[in-house]
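The structure under discussion appears below in the form of structure tokens.
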Amino acid sequence: MVILYKGPSASPCPAAPGASRSQALQAGNRNADQSPALSSRIGYGRPHLEGNPSAFRRCALGSFLSNIYRRLIDIANVSIGDGSLELRHLRYFVCVAEELHFGNAAQRLGISQPPLSQQIRALEDELEVRLFERTSRSVRLTEAGLHFLPQARETLAQADRAARIARLAHSGEVGRLSLGFSPSVPFTPYVVDALARFRADFPEVNVELNELPREEQITGVERGTIDIGILRAFSPLLLPPQMAALPLQCEGMMLAMRRDHPLADYDRMLTLADIEGEQLILFGSMNGAGFNEILADHCGKLGFTPTVALEAGSFGTLVGLTAAGLGITILSRSLARFNVDTLVFRHIEMPFSSQLMMFHLRDASPATRNFRKLIETRAERREQ
């Protein structure tokens, strides 16, 4: 995983007679283990070690540590392109610092000792400080090495965290999932169950829910402000070619009314003709997903115009006004599970059905693909 913050390259510093610093580092790279875990390049721009340089200068080792600080910043800003510093060098240093034995550290890293010694020497040349005191019998950290060690560990830990986040984002396990939905969708058990399952399976994905009219959902998905739209359609849903649609549920309609309404006592299947002259409570045209227009068209074919007494902006308002006896309303069958003591629901034969649809860009985000896969799986189980 490449983590690069472009910055000025560190100034050259000879590592050995006749060899440049980059040559010294590259020479060790040719002999070192080439596993991906140890060969990831890194260039950090202004990491945590860039705290307060003046604090360093106030201590007894002020000028010495300030020089280390400046060299660390240079290293942090090394461009990946010049090949002069790799993440492996910090791993090598930390391993030697923990083992305090080059042979043991080389064995732990899975490389031979000479390239490891060469890499540490090249790192010291890059920093222009000695990190280890070496004798024939022992290895110990210098004062510079003691201060460098926690910063190197922090940098490696941050690199690991960044790599983990990148992998999780690639698989859709972190990030954002923004959904737009019509007013009645949150009351649909099928969708609610899918959302609950998604939150349980992907707890690090931030789910945003937005109640939006149909056209705003389509525009939002097209522009990328939302990832998924979920709405009810009562006629074929026309979408731009870059979008994919998934039918979630097709169901009939129910007539909702107070228990004391005359239609509540009918012992036969109600039809569209039965609502002639009745006071209807419907969603406003903006939130109605085209229902009002389709209803009016089919009523017109039967020779009457539906009487719309009130328009509601939300599903709760729609049900509340109906429960208060201010009119009757027509709902998708799954919404009849909404339990209100004063309401009854009767099947009504309609010339059209309610289609619950989900749509998104074909080039969808990983989180979007995960949600679609989850909801498709649940749909397959429902059909079995």
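The values are calculated or read from the model by the stated rules, or taken from the named source; none is laboratory data. Here the structure is a predicted model, which means the values were calculated and not measured. Here the Cβ positions follow ideal geometry from the backbone for every residue, glycine too, while neighbour counts run over all protein chains shown.
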**OP:** Starting from the range 169-185, take each residue that is within 14 Å of S332 (Cβ to Cβ) and without any contact (Cβ under 8 Å) to a residue 60 or more places away in the chain and list its partners that are assigned to a strand (DSSP E or B) and β-branched (V, I, T), counting only C-beta distances under 7 angstrom and pairs at least six apart or across chains.
**Re:** F181/I230
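Applying the selection to the range 258-281, what residues are within 18 Å of S354 (Cβ to Cβ) and either touching a Gly at 6+ places or on another chain (Cβ under 9 Å) or of a type in the set (D, E, K, R) (or both)? Lay out the reasoning, then the answer.
Taking the range 258-281 as the starting set, the residues that turn out to be within 18 Å of S354 (Cβ to Cβ) are 269-272, 275, 280-281.
Residues satisfying the conditions are L280, I281.
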Original post:
Among the residues of the range 279-310, which ones are within 37 Å of the chain's Cα centre (by Cα) and either part of a strand (DSSP E or B) or hydrophobic (A, V, I, L, M, F, W, C) (or both)?
Top reply: L282, F283, M286, A289, F291
**OP:** Six or more apart or on different chains, Cβ under 7 Å: which pairs go from a residue in the range 96-114 that's closer than 16 Å to L131 by Cβ to one that's of a type in the set (K, R)? Could you list them?
**Re:** E99/R108; L100/R140
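Checking the conditions here, which among Q158, Q119, Q151 is touching a His at 6+ places or on another chain (Cβ under 9 Å), assigned by TED's automatic domain parsing to the domain that holds L90 and closer than 30 Å to V205 by Cβ?
On the way: Q119 fails: closer than 30 Å to V205 by Cβ; Q151 fails: closer than 30 Å to V205 by Cβ.
Step by step, each of Q158, Q119, Q151 is checked, and only Q158 is touching a His at 6+ places or on another chain (Cβ under 9 Å), assigned by TED's automatic domain parsing to the domain that holds L90 and closer than 30 Å to V205 by Cβ.
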Original post:
Of all residues in the range 196-244, how many are of a type in the set (D, E, K, R) and in a helix (DSSP H, G or I)?
Top reply: 8
Original post:
Taking the stated definitions as given, is E208 touching an Asp or Glu at 6+ places or on another chain (Cβ under 8 Å), surrounded by fewer than 18 Cβ atoms within 10 Å (Cβ to Cβ) and under 17 Å from D227 (Cβ atoms)?
Top reply: no
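Inspect all residues belonging to the range 264-275 and state whether any of them is touching a strand residue (DSSP E or B) at 6+ places or on another chain (Cβ under 9 Å), closer than 16 Å to P183 by Cβ and either of a type in the set (D, E) or crowded, with 18+ Cβ neighbours inside 10 Å (or both). Walk me through how you get there before you give the answer.
As a first pass, look at the range 264-275 and keep what is touching a strand residue (DSSP E or B) at 6+ places or on another chain (Cβ under 9 Å): 264, 266, 269-272, 274-275.
From what's left, closer than 16 Å to P183 by Cβ: none.
No; the residues of the range 264-275 include none that is touching a strand residue (DSSP E or B) at 6+ places or on another chain (Cβ under 9 Å), closer than 16 Å to P183 by Cβ and either of a type in the set (D, E) or crowded, with 18+ Cβ neighbours inside 10 Å (or both).
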Subject >> Subset of the range 287-305 [crowded, with 16+ Cβ neighbours inside 10 Å, within 14 Å of M350 (Cβ to Cβ) and without any contact (Cβ under 8 Å) to a residue 40 or more places away in the chain] >> reply: N292, L295, C299
Subject >> Where a residue in the range 123-138 is of a type in the set (K, R) and its partner, wherever it lies, is at pLDDT 90 or above, with Cβ under 7 Å and at least six apart >> reply: R130/E124; R130/T142; R130/A144
**OP:** Tell me which residues, restricted to the range 122-150, are among the basic types (K, R) and either part of a strand (DSSP E or B) or buried (at least 19 other Cβ atoms within 10 Å of the Cβ) (or both).
**Re:** R134, R140
**OP:** Kindly indicate whether A105 is buried (at least 16 other Cβ atoms within 10 Å of the Cβ) and either touching a strand residue (DSSP E or B) at 6+ places or on another chain (Cβ under 8 Å) or modelled with pLDDT of 95 or more (or both).
**Re:** no
**OP:** For the range 177-184, state whether one or more residues are assigned to a helix (DSSP H, G or I) and at pLDDT 90 or above.
**Re:** no
Original post:
Which condition number does Q158 fail, the rest of (1) under 30 Å from V94 (Cα atoms); (2) buried (at least 16 other Cβ atoms within 10 Å of the Cβ); (3) more than 19 Å from the chain's Cα centre (by Cα) being met?
Top reply: (2)
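Can you pull out every residue in the range 359-384 that is of a type outside the set (S, T, N, Q) and either within 14 Å of D193 (Cβ to Cβ) or at pLDDT below 90 (or both)?
If we filter the range 359-384 for residues that are of a type outside the set (S, T, N, Q), which is where we start, we get 359-364, 366-367, 369, 371-376, 378-383.
Scanning the range 359-384 gives F371, L374, I375, E376, R378, A379, E380, R381, R382, E383.
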Original post:
Where residues in the range 306-322 are surrounded by 17 or more Cβ atoms within 10 Å (Cβ to Cβ) and aliphatic (A, V, I, L, M), which of them is modelled with the highest pLDDT?
Top reply: L321
Subject >> G303 at pLDDT 90 or above and either closer than 30 Å to E204 by Cα or touching an Asp or Glu at 6+ places or on another chain (Cβ under 8 Å) (or both) >> reply: no
